[in-house]
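To keep things clear, I will list the structure first and then write my remarks on it.
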Amino acid sequence: WPQRGGVSGSPPREERAALAPPNMGVSSRHPGPGMFSVFLKAQETSPTLVLRHAGIGDEGALEVSRFLAFNPHLVRVDLTGNNITSTGAMHLAQAIRQNVVLESLVLRHNALAEGGDDGLRKLCEAVRGSASLRHLDIGRNGLAGSLAAERLGDMLRGNTALTHVELSWNPLDPAGGQVLLGHVTQNTTLFDCQLTGCGVAEETMLGIAQLLKRNRAARGADLQAGPYRVAVLEAQAPRVLCPHAYEPGAATALSRSVDIGACDVPAPGPMFREEPTNAVVSGFRTAELKEKLLEWRRVRLFRSQHEDTNDVHELLEHLDRFQAALDEEVEELGKVRTHTECVTRGYHDRVMRYQFEVTEKQDLLLEAERERKELHGTRQRAAEELKLQQEAADEAVESLESLRKLIDADEARSRHDLAAVQFDTRACEMRLAELTDQAEHGARENARLRARANQLRDGIVVMRPRPIDAVMI
C-alpha cells in the first residue's frame, strides 16, 4: 500500500540514500569539452556510467548517447541533474533503440519538459520498445498534466520489460493520475511506481498500488518491492550482507545489488565457529580436560590410594582459574563487540541521516537554482519589454519632434504665403482703384465725345440737302 507518496510500499528515503550506488563510472565533476570524450573512452568496458550533476546539458547527452548506442557492457546510466531538455531526450531515445543491454536509466532532476513534447514522446517510444530496460527514473522533470501522463501511460501499456518506474515530483495532477491508472491497468510486468509529489488523488494511488501488487503476486516477486538495484559486479568471495542494508526481493533477479561489496563484510571464518576445535580454547575444551584429569586421578588412586595427586589438583585449579579469566575476557569481548556494534549501527544511522540531509539540501539547491533561472528569465523578459517600450517612446518623441518641425515649417510657409496674398491684395486694390478712376475718366470722356458727336451729327444733318429720290419714296 502507498507509503509517503509511493504506491508500492517502498522503503523510506533514508534507506534509499544508504543504498545509493557510488560513482563507479565517470566522476561527477564536469570535464572540459575536449576531455569529455576522453572520459567516455576510458569507460568503454565499465558496466556503470554515473554523471550526477555534471552539467553536461544536451550536447553532453548527445555524446553519452553515441557512447551508449552500441556499448555491450553498459547496464546502468545515471545522468541526474544535468539540465537535459527535450533535445537531449531525443538523443538518448535513439541510443536506447540501438542498445540491447541497458537495464537502468536515471534522468532525475533534469528539464525534459523544456523545448516541447517531442523529446518525451520519442523517449517513451524508445523505452516502450526496449527489451532490456528494467528501471527508468524521470522524477523532477517538470512533466505536467494529462498530455505527459498520456505519453507515460502509452509507454507502460506497450512495455513488457519495465519493472520499476520513478515519476516523483512531476505535477501530473489528478487528471493525469486517472490517465496513468487507465494505462497501468493493461500492464502486467510493472512492480513499483513512485508518484510522490505528483498531485495524484489518493483513490488513484490506491488503485495503482493494487494493480502493482497484482503484478508482483502474479510474477512471484516480493510484495514490498522497493528501489531497483541492478548487478554490475560478480562477488569474488562469500559475503554476508550488512544488517542495516535493505533487502527487497533478495530471492529474485530483479533486486540484485548495484554496488556489491559496498556494505558487505567477509563471511565468518574458522575463528567465529561455534563448535570448538583442538586449536581453540573454550569452556567445552576445558571441561573435557578436567574430566580427563579427574579420570587420571581416579586411575592413579585406584592403583594406589597412597599416591600423591596434588599435581592433578594444581592442574585443576589452574584450569579453573584460567577458564574464569577466559570467561571474563570473553564477557569483556562480548561487551566490546556489543559496544562496537552499537557504535557501528550509530555510525550507519548517522551516515544515512547525513545522506538524507545531503539529498534534501541538493533538492533544495536544485529547486533554488530552477527558481533563480525562472526569476532571471522573468527579469530578462521584463528588461527586454522595458527596452522595447523605451525604444517605442524614443521613436514617439522623435516622431513628435519631426511633426512639430513640420508644423512650424508649414506655419512659416503659410505666414509667408499669407503676407504675399495680402501684398497682392493691396496691389490689386490699388490697381482696381486706378482702373476704376481710368474707367470713370474714360466714361466721362466717352460721354463728352458722344455729346460732341451728337452735336456734330445734328449740324451735319442740317447742312446737307434732302435727296429727290428719298422724298419721292
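The values are calculated or read from the model by the stated rules, or taken from the named source; none is laboratory data. Just so it is clear, the structure is predicted and the values come from calculations on it, not from any experiment. No Cβ is skipped: glycine too gets one built from the backbone with ideal geometry, and neighbour counts run over all protein chains shown. Note: accessible area is taken over every heavy atom of the protein model, side chains too, but ligands, DNA and RNA are not part of it. Shrake-Rupley method; radii C 1.70, N 1.55, O 1.52, S 1.80 Å.
Restricting the first residue to the range 39-66 and requiring it to be under 16 Å from Glu103 (Cα atoms), which pairs with a second residue that is in a helix (DSSP H, G or I) meet a Cβ separation below 7 Å and a spacing of at least six or different chains? Final answer for the pair search is Ser65/His91; Ser65/Leu92; Ser65/Gln94; Ser65/Ala95.
Only residues that are crowded, with 18+ Cβ neighbours inside 10 Å and assigned to a loop (DSSP other than H, G, I, E, B) were counted in the range 47-92, giving 15.
With respect to Gly182, determine if the residue is small (Gly, Ala, Ser) and either open to solvent by less than 10 Å² (accessible area, probe 1.4 Å) or modelled with pLDDT of 95 or more (or both).
Here the answer is no, as Gly182 does not meet what is asked.
The single condition from (1) at pLDDT below 85; (2) charged (D, E, K, R); (3) open to solvent by 80 Å² or more (accessible area, probe 1.4 Å) that Glu374 fails is (1). Number of residues in the range 129-167 that are buried (at least 19 other Cβ atoms within 10 Å of the Cβ) and either within 15 Å of Ile96 (Cα to Cα) or not basic (Lys, Arg) (or both) equals 23.
Yes/no per residue for (1) modelled with pLDDT under 95; (2) part of a loop (DSSP other than H, G, I, E, B); (3) polar (S, T, N, Q); (4) within 26 Å of Val77 (Cβ to Cβ):
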residue	(1), (2), (3), (4)
Ala131	yes, yes, no, yes
Asn159	yes, yes, yes, yes
Ser168	yes, yes, yes, yes
Gln186	yes, yes, yes, no
Lys213	yes, no, no, no
Ala217	yes, no, no, no
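Please go through the range 170-184 and pick out each residue that is in a helix (DSSP H, G or I) and on the phi < 0 side of the Ramachandran plot. Once the filter is applied, which keeps residues that are in a helix (DSSP H, G or I) and on the phi < 0 side of the Ramachandran plot, the range 170-184 yields Pro174, Ala175, Gly176, Gly177, Gln178, Val179, Leu180, Leu181, Gly182, His183, Val184.
Of all residues in the range 110-128, those that are closer than 19 Å to Gln98 by Cβ have Cβ atoms under 6 Å from Cβ atoms of residues that are assigned to a helix (DSSP H, G or I) and open to solvent by 50 Å² or more (accessible area, probe 1.4 Å), 6 or more apart or on another chain, in Gly119/Met90; Arg121/Arg151; Lys122/Met90; Cys124/Arg151; Ala126/Arg97.
Of the candidates Thr338, Thr359, Thr309, the single residue that is in contact with a helix residue (DSSP H, G or I) (Cβ under 8 Å, 6 or more places away or on another chain) and without any contact (Cβ under 8 Å) to a residue 24 or more places away in the chain is Thr309. Within the range 191-205, the set of residues being out of contact with any helix residue (DSSP H, G or I) (no Cβ under 8 Å at 6 or more places or on another chain) and not in a loop (DSSP other than H, G, I, E, B) comprises Gln194, Glu202, Glu203. The residues on offer are Leu120, Leu112, Leu152, Leu136, and the sole one that is part of a strand (DSSP E or B) and in contact with a helix residue (DSSP H, G or I) (Cβ under 8 Å, 6 or more places away or on another chain) is Leu136.
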